[in-house]
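Student: Structure below; questions to follow.
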Amino acid sequence: MEHQMLDQERETAEETSDQLGRAPQRTSQKQKWPGKKWALALCVAVAIFGGLCLKVYQLHNRVEWLLENTVAKSTIRDLAYQYGLTTTFLQKLFPQSYVYMGANGITISPLKDDLVQHSYDWSGLSEENGRYQYTAPDGTQALAGVDVSTYNGDIDWAAVKADGISFAMIRLGFRGYGETGNLVLDDKFQQNIQGATQAGLDVGVYFFSQAVTVDEAVEEAEYVLDALEGDSITYPVAFDLEQVAHDEARTDDLSVETATEITQAFCQTIAQAGYQPMIYGNVTWLMDRIDLTQLTEYQLWLAQYQSTPTFPYQFTMWQYSHQGSVAGIEGNVDLNLLLTTLS
């Protein structure tokens, strides 16, 4: 109706203009209010946000019901995948559990009373140029370190020291993960331990294990002790039993019980010789592949490549990157922090 009246008024104006010999004057049309688009967009955003909140609320209620009724955790994982939720988000829903990406996907593990939780305040963690630093609430600074092997080539340890590195964990050797499982000394072990020590770094060693029995674990520990004769180290001897990626390994089928017994045997042998044992592992290995409740007397070296560690239990050393850059070392190198004093 309104547009018809406007058309009639326009025709009348044009006729009057022609009679007066002037060009027709167009009447102004009603301006559209641009705020309508914004209002529509706002309504859509509110609707989307409201829908998301509803989904989160529904998920939370669903998960609580599942936990109360002891339904399989796989169902909870399916819900997490369905809603596209991260382990970080799920962790907020389960403050009395540790939520992590384990060997079988998202895992919700109730916190264990017989494992000590760490007290690190991650607000003291900072990063600059790919290097992390941690300052404890009492002002204590974490120490920066590297771990190296023959794959890092010839190292200028004086340059490493000058670049702010305080300690080095050096691969002493390894057991082959093939059927024979031969023990092998790292080609650069003696060169690295001597160079790092002479440059004034604190030095520890690690051994890459492929032991499948307790006897083999003891054999590996004795191999390490023989190789250390004549050398002085100030940092731990770390046991590195881990999953071999992208290939078959003799340790693939180790049970949790056997892997724990192997770890215990290696660490006990090292401790009895007067050295300080340490267990290396990523979150999946430490949570799913060994029983930490049986290994509480040993310090942990956590490998977790995240901006902030999520592992809830006490650990001493943190390997936070395998793509670090340090003067004196060509190419990428593993970077670590010693977060607390070695016991």
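The values are calculated or read from the model by the stated rules, or taken from the named source; none is laboratory data. In this text, all values refer to a predicted model and were calculated from it rather than measured experimentally. As a convention, Cβ positions derive from the backbone with ideal geometry for all residues, glycine included, and neighbour counts pool all protein chains shown. Keep in mind that these areas ignore ligands, DNA and RNA; they rest on the heavy atoms of the full protein, side chains included. Shrake-Rupley method; radii C 1.70, N 1.55, O 1.52, S 1.80 Å.
Student: For Gln299, which sequence-distant residues (separation of 5 or more, or a different chain) have an amide H within less than 5 Å of its own amide H, given hydrogens modelled in the peptide plane?
Tutor: Ile279
Student: Ok, one more. Multiply the residue separation of Ser232 and Gln198 by 0.36 nm, subtract the distance between their alpha-carbon atoms, and state the gained length in nm to one decimal.
Tutor: 11.1 nm
Student: May I ask which residue of Gly84, Ser109, Gly124 lies farthest towards the positive end of the charge dipole of the range 74-161, with charges of +1 (Lys, Arg) and -1 (Asp, Glu) on Cβ and the Cα centre as origin?
Tutor: It is Gly84, whose Cα lies furthest towards the positive end.
Student: In the range 104-263, what is the volume of the convex hull around the alpha carbon atoms, normalised per residue and reported in Å³?
Tutor: About 184 Å³ per residue, rounded to a whole number.
Student: Largest first, how would Thr296, Thr135 line up by accessible area (1.4 Å probe)?
Tutor: Thr296, Thr135
Student: Pull out the extension gain between Thr308 and Gln117, defined as 0.36 nm times the separation in residues minus the alpha carbon to alpha carbon distance; nm, one decimal.
Tutor: 67.2 nm
Student: Once the principal axes of the Cα atoms of the range 252-343 are found, what is the range along each, listed largest first in whole angstroms?
Tutor: 40, 30, 25
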